[in-house]
Amino acid sequence: MSVPAALRTVTVIVAVVLATLGLTTAAQAATINYVALGDSYSSGVGAGSYIDSSSCKRSSKAYPSLYASSSGASLSFQACSGAKTSDVLNNQVGALSASTTLVSISVGGNDAGFSSVMQDCILGGDSGCKTAIANATDYVDTTLPGLLDTVYRTIRSKAPNAKVVVLGYPHFYKIGGSCSVGLSDTSRGYINGGADALDTVIEKEAANAGFTFADVRPAFTGHEICSGSAWLHSVTWPVDESYHPTAAGQASGYYPTFTAAL
């Protein structure tokens, strides 16, 4: 017995609708719900093209924005200039949920007093720089681990299904590089050592939390200040952009390091 033409038409329409719904559901399931947390190295201070008028200085050229644009991820951009671990806990983690599938974070530098350390190194000579780095390193070794542990545990509790990538900080200076003025290579070495101490603690705490640590130091090698091809600002204006990645540092340093960790 043949099927009436009208019934065949209805059957085709239903099949198309179901297929479309299926594709939509699959697309929704594949959506990356991405939350970018942290400080100025994640917000994109120094990269320009800021996307809002807030003091957070979130940039369309920062690695979270670049990743969202390239992947189609749904981005909740929470990272903010000057953020410490307490700011992440008080102002940023509220964006996390069980539906969050990806989280990135860089934090710890402001807790360790990055800005004041650089000021002491610039104004205090080698001796003042050595003391400032030693004090900051002591804080990083003794106090920062507990602060990071609290942040990481909070992230995991609020986003139990997310992959979490923790990004570190680059070396600032090429020792023996092209700079003929400014800090001595001795002070530059102290500052790089401080970055190493910070990254060591961050990497350890990230591993303890079951998170992935993304080390940006290899990507920035050859592109430090005094390299002749720097992806970091030296002292610049606005002053808050000093010692932060340029747009090239975000695009060629942080972005590929982040994506390689996924």
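The values are calculated or read from the model by the stated rules, or taken from the named source; none is laboratory data. The shown structure was predicted, so the numbers you read here are calculated from the model rather than taken from an experiment. Cβ atoms come from the backbone with ideal geometry, glycine included; neighbour counts cover every protein chain shown. What goes into the accessible areas is simple: the full protein's heavy atoms, side chains included, and nothing from ligands, DNA or RNA. Shrake-Rupley method; radii C 1.70, N 1.55, O 1.52, S 1.80 Å.
Go through the residues of region 28-43 one by one and say whether even a single one is modelled with pLDDT of 95 or more, on the phi > 0 side of the Ramachandran plot and not in a loop (DSSP other than H, G, I, E, B).
Yes: region 28-43 contains one or more residues that are modelled with pLDDT of 95 or more, on the phi > 0 side of the Ramachandran plot and not in a loop (DSSP other than H, G, I, E, B).
Looking at region 202-225 only, could you name the residues that are open to solvent by 20 Å² or more (accessible area, probe 1.4 Å), of a type in the set (A, V, I, L, M, F, W, C) and farther than 19 Å from Thr259 by Cβ?
Within region 202-225, Ala207, Ala209 meet the criteria.
What pairs can you find where one residue is in region 83-111 and acidic (Asp, Glu), the other is open to solvent by 10 Å² or more (accessible area, probe 1.4 Å) and modelled with pLDDT of 95 or more, and their Cβ atoms are less than 9 Å apart, with a gap of 6+ or different chains?
Asp87/Cys80; Asp87/Asn110; Asp111/Lys84; Asp111/Ser86; Asp111/Tyr139; Asp111/Thr143; Asp111/Leu147
Among the candidates Ala251, Ala207, which residue alone is in a helix (DSSP H, G or I), free of Cβ contacts under 8 Å to residues at least 24 places away in the same chain and on the phi < 0 side of the Ramachandran plot?
Going through Ala251, Ala207 in turn, the sole match is Ala207.
Give the number of residues within region 111-147 that are at pLDDT 95 or above, of a type in the set (Ser, Thr, Tyr) and touching a helix residue (DSSP H, G or I) at 6+ places or on another chain (Cβ under 9 Å).
Summing the residues that are at pLDDT 95 or above, of a type in the set (Ser, Thr, Tyr) and touching a helix residue (DSSP H, G or I) at 6+ places or on another chain (Cβ under 9 Å) in region 111-147 gives 2.
Go through region 152-174 residue by residue and tally those that are open to solvent by 70 Å² or more (accessible area, probe 1.4 Å) and either touching a strand residue (DSSP E or B) at 6+ places or on another chain (Cβ under 9 Å) or without any contact (Cβ under 8 Å) to a residue 24 or more places away in the chain (or both).
4
Restricted to region 215-248, and to residues that are assigned to a helix (DSSP H, G or I) and acidic (Asp, Glu), which residue is nearest to the chain's Cα centre (by Cα)?
Glu241
Read through the list (1) open to solvent by less than 30 Å² (accessible area, probe 1.4 Å); (2) among the small types (Gly, Ala, Ser); (3) under 16 Å from Asn208 (Cα atoms), then give the number of the only condition that Ala132 fails.
Of the numbered conditions (1) open to solvent by less than 30 Å² (accessible area, probe 1.4 Å); (2) among the small types (Gly, Ala, Ser); (3) under 16 Å from Asn208 (Cα atoms), the odd one out for Ala132 is (3).
Results for (1) hydroxyl-bearing (Ser, Thr, Tyr); (2) closer than 18 Å to Pro245 by Cα; (3) part of a loop (DSSP other than H, G, I, E, B), shown as yes or no for each residue.
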site: Gly128; (1), (2), (3): no, no, no
site: Ile133; (1), (2), (3): no, no, no
site: Thr137; (1), (2), (3): yes, no, no
site: Leu148; (1), (2), (3): no, no, no
site: Val165; (1), (2), (3): no, no, no
site: Val181; (1), (2), (3): no, no, yes
site: Asp196; (1), (2), (3): no, yes, no
site: Thr200; (1), (2), (3): yes, no, no
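Look through region 175-201, keep the residues that are open to solvent by 50 Å² or more (accessible area, probe 1.4 Å) and among the β-branched types (Val, Ile, Thr), and return whichever of them is farthest from Asp120 (Cα to Cα).
Thr200
For region 103-126, give me the residue count where each residue is open to solvent by 30 Å² or more (accessible area, probe 1.4 Å) and assigned to a helix (DSSP H, G or I).
10
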